[in-house]
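The values are calculated or read from the model by the stated rules, or taken from the named source; none is laboratory data. Owing to the predicted nature of the structure, the values given are computational and were not obtained by experimental measurement. As a convention, Cβ positions derive from the backbone with ideal geometry for all residues, glycine included, and neighbour counts pool all protein chains shown. The area values use the complete protein model at the heavy-atom level, side chains included, leaving out ligands, DNA and RNA. Shrake-Rupley method; radii C 1.70, N 1.55, O 1.52, S 1.80 Å.
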Amino acid sequence: MDSKTLAVLEYDKILERLARFCDFSASMEAARGLSPSASYDLALSRLAETTEARRLFAAQNVGVGASRDIRSAAALAARGGVLDPQTLLDVKSTLIACRDLKKTFEKKEGDYPRLCLIAQGLPETRGIVDAVSRVLSERGEVLDSASVKLADIRRNLRVARERLMNRLQRYLSDSKTAPMLQETLITQRDGRYVIPLRAEFKGKIKAVIHDQSASGATLFIEPLPVVEANNEIRELQLAERDEERRILAEVSALIGEHADELKYGVENLAALDLAFAKAKYAEELQASEPELIQTDDKGQKTDDLRLSPVVRLLHARHPLIDPRSVVPIDIDPREGTRAIVITGPNTGGKTVSLKTVGLLALMAQSGLHIPAQSGSQLPFFRSVYADIGDEQSIEQSLSTFSGHIANIIRILKKMDSRSLVIFDELGSGTDPQEGAALARAILNHMLQIGATTFVATHYPELKTFAHATENVVNASLEFDVKTLRPTYKLTLGLPGRSNALAIAQRLGLPQEIIESAKAEIDPLDLRADKLLDDIRKERNRASREREKLEKQRVKLEEQNADLQKRLRQIEDERREALAQARAEGELEVAILKRNIASLKAQMKKASQSLASVQALEEKTEKLEESFADKGQKKKDVPSPSVRDSSSVKLGEKVWVSSLQAEGVVTALGESDAEIQIGTIRMRAKFSDLSKKQTKDERPTTKETPRPSSSVLRSPSAAPKMEADLRGLTAEDALDKLEKYLEQAYLAGMPFVRIIHGKGTGRLRQAVREALRGHAYVASFEEGGHTEGGEGVTVAKLNAS
């Protein structure tokens, strides 16, 4: 891209703002060097990276952690240099950040393909992290455990220092030497331990003088008896330094072996961080991804201009102006438009509008989302040129006009049909008649080349040219005559008015002068201005109505979406209720079938007719068909039990626990009774019956003995048909399952459903291992499609 244009449009300020969102120096450097791509595929790839990063941030919080640019450190290590502890910690933290990012993108190629591709280039730790952690603490200190030799040296050093301190302490506490000392302390000079001696006692203690105070009143001496001890400490300190350096050199050599991989990895890490920074910058700008449209690959003018892409920006905002104060503009010309001529008052926003178009085009081709509404489109430009501002130069003896013309000549030599060209005040700075003619000629030449052109001007001749020329559109920036302020709203299709007479009148210029000026103007021009004003007012009114209708449309869509969501929730609840009712019905039918089978066996033994049992089977089949469509409500569960024939009377209502149903006693036997349930008659053991408790009945004893499970299975103890183990640990789930199976078995339930969920499958495996070979379980299988699939296990229980 043209460097002069980048400077004129202040593109570098965009990059500086982008760099603020980078987390380490390598990505900041990449951000400041980001330039618009001349490759269509690369520009699309960059935009896709930004979009993926924004989606990723919406799902989770990621970053490059405490990464550093370790490329120079890796290069130094590769040359045999020894890295200092802080640099080694920087290498460690960078590699940890790379490892964490790799884990973040594992198995996410489908969601973030481009970011995953970059993440694949991040370096492996290669044992470097472990090596640094083994020898350095988090504060950068070499650990004693870094080597056996270092541990020995430091242990000897501690012993030697302690021995020396004890000997020096004697001088501080001795009644003969203590009065000679300035202070009772041990200090250091030039790495050797010394004591402060008062100057008047010089020579009283045989010692080596290392230093004296500024006043000369104190001498810092090393007594001769401790010189050897100080020497020993110094030797051990040197040995410690050498061993530490050897350890650091060893780890540095490991880093040097992988210097190329680390350099490449840091570049990929910087690319990821740059993508994250672009996403953060886009969020700050409230930006959206533009649609980049490819133009003719040969760079030649397209024969059918109607098929040529046009700049289409919706609610576009200048990215360097405060979003709270900037006025968005809409640029949505008809198909085939190659040039837009913008007119309007000074300080009305013409230059800002031109810069907005140029900056947004550069941002899009740099992979940045643009501050415009979703759906904005930009052609892919091979180059962008701009002539904006005062080009005069005293040193080069150039006037404003000459400076502009020199720049325009340079642009005309370089541009082609795939260029975006922006001219501010084209033809200004010279005689208006000649300047207008020159501006028309230049604009006509641009159309012949086929470049996309935006021009700001005050010349009325260019308004007429735009109106009369195909593929050129007038545009204007509105001005509020009442407040004498520009509105900064861009209107396509209408040229701007000068408003000079209206402004002068508003400011208090005498009316006779205003009228005299009007007399000098062609009445047709005045009439044209009046028509333009009326058209603009009508368009503004229509625009307000469209905005109102758009708000109503959005509101209706939100209400419709809310209703659809509520309907889906109701439908899900209805299906769940039907499935629950059907499952409960199936359970009750299964219990009834089991009791019929039991009656068959008893009647065979008694050599009685099976006709009554067959009738019951027919009734059962009808019940089963009924339960296929809807569930059956459970009856109230009674509590008093029936022990023998004396505990119940003919015609009395009882509860049959095995069937979970209420019936009437029609006959009594020695150990069982005949019960009528609806139209069905059957025999049931007394242990399977419970009396219906009335409100007036009360317990006659303080405590009722708990019946044995072999004699009575109380209906009140019957569990639900399913056990939900989700959210429990395996140990808690198995405890709950054991209790539930015992209750279900004692209640005579033929099968149960165990809900363990899908998840990782560990809980499902533990449940099925517990069911396999369980005393109460005959067999088990995976739940059906409507029962929860692999998240449910159905267990068939043994007959109790």
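Worth a mention:
- Filter result (over 12 Å from residue 752 (Cα atoms), modelled with pLDDT of 80 or more and open to solvent by 60 Å² or more (accessible area, probe 1.4 Å)) within the range 784-797: 790
- Extreme residue, nearest to residue 156 (Cα to Cα), among residues of the range 181-234 that are out of contact with any Pro (no Cβ under 6 Å at 6 or more places or on another chain), hydroxyl-bearing (Ser, Thr, Tyr) and open to solvent by less than 60 Å² (accessible area, probe 1.4 Å): 193
- Meets criteria (at pLDDT 85 or above and within 19 Å of residue 337 (Cα to Cα)) for residue 464: no
- For residue 640: the one exception among (1) more than 20 Å from residue 748 (Cβ to Cβ); (2) of a type outside the set (Asp, Glu); (3) at pLDDT below 70: (1)
- Residue in the range 471-480 that is outside any strand (DSSP E or B) and surrounded by fewer than 14 Cβ atoms within 10 Å (Cβ to Cβ) present: no
- Residue 117 being open to solvent by 20 Å² or more (accessible area, probe 1.4 Å) and within 30 Å of residue 59 (Cβ to Cβ): yes
- Within the range 735-800, strands (runs of 3 or more DSSP E) holding 2 or more residues that are within 14 Å of residue 722 (Cβ to Cβ) and in contact with a strand residue (DSSP E or B) (Cβ under 6 Å, 6 or more places away or on another chain): 751-755, 792-797
- In the range 24-41, the residues that are without any contact (Cβ under 8 Å) to a residue 40 or more places away in the chain and either of a type in the set (Gly, Ala, Ser) or surrounded by 14 or more Cβ atoms within 10 Å (Cβ to Cβ) (or both): 28, 33, 39
- Unmet requirement for residue 310, which otherwise passes all of (1) open to solvent by 10 Å² or more (accessible area, probe 1.4 Å); (2) at pLDDT below 90: (1)
- Total residues in the range 230-270 satisfying the condition of being farther than 25 Å from residue 147 by Cβ and among the charged types (D, E, K, R): the figure is 4.
- Hits in the range 700-744 (condition: hydrophobic (A, V, I, L, M, F, W, C), out of contact with any Phe, Trp or Tyr (no Cβ under 7 Å at 6 or more places or on another chain) and modelled with pLDDT of 85 or more): 725, 728, 733, 734, 737
- Of the set (1) assigned to a loop (DSSP other than H, G, I, E, B); (2) buried (at least 18 other Cβ atoms within 10 Å of the Cβ); (3) at pLDDT 75 or above, all apply to residue 665 but (1).
- Members of the range 1-23 found to be crowded, with 21+ Cβ neighbours inside 10 Å and aromatic (Phe, Trp, Tyr), listed by number: 11
- Restricting attention to the range 53-64, the residues being in contact (Cβ under 8 Å) with a residue 24 or more places away in the chain and open to solvent by 60 Å² or more (accessible area, probe 1.4 Å) number 2.
- The residues of the range 744-778 that are on the phi < 0 side of the Ramachandran plot, open to solvent by 10 Å² or more (accessible area, probe 1.4 Å) and out of contact with any helix residue (DSSP H, G or I) (no Cβ under 8 Å at 6 or more places or on another chain), listed by number, are 745, 760, 765, 768, 769, 772, 775, 778.
- Close pairs from the range 638-662: first in a strand (DSSP E or B), partner at pLDDT 75 or above and open to solvent by 70 Å² or more (accessible area, probe 1.4 Å), Cβ under 9 Å, at least 6 apart: 662/653
- Lone unmet requirement of (1) part of a helix (DSSP H, G or I); (2) open to solvent by 10 Å² or more (accessible area, probe 1.4 Å) for residue 458: (1)
- Apart from one condition, residue 781 fits all of (1) under 17 Å from residue 586 (Cα atoms); (2) charged (D, E, K, R); (3) surrounded by fewer than 16 Cβ atoms within 10 Å (Cβ to Cβ); (4) in contact with an Asp or Glu (Cβ under 9 Å, 6 or more places away or on another chain); the exception is (4).
- The numbered conditions (1) part of a strand (DSSP E or B); (2) surrounded by fewer than 24 Cβ atoms within 10 Å (Cβ to Cβ) are all true for residue 378 except (2).
- Among the residues listed as 437, 456, the single one being under 29 Å from residue 292 (Cα atoms) and not polar (S, T, N, Q): 456
- Looking at 504, 441, just one residue is open to solvent by 30 Å² or more (accessible area, probe 1.4 Å), among the small types (Gly, Ala, Ser) and without any contact (Cβ under 8 Å) to a residue 24 or more places away in the chain, and that residue is 441.
- Against the conditions (1) modelled with pLDDT of 80 or more; (2) part of a loop (DSSP other than H, G, I, E, B), residue 497 satisfies every one except (1).
- Residue selected from the range 129-180 under the condition under 20 Å from residue 198 (Cα atoms) and of a type in the set (Lys, Arg), by the criterion least open to solvent (accessible area, probe 1.4 Å): 167
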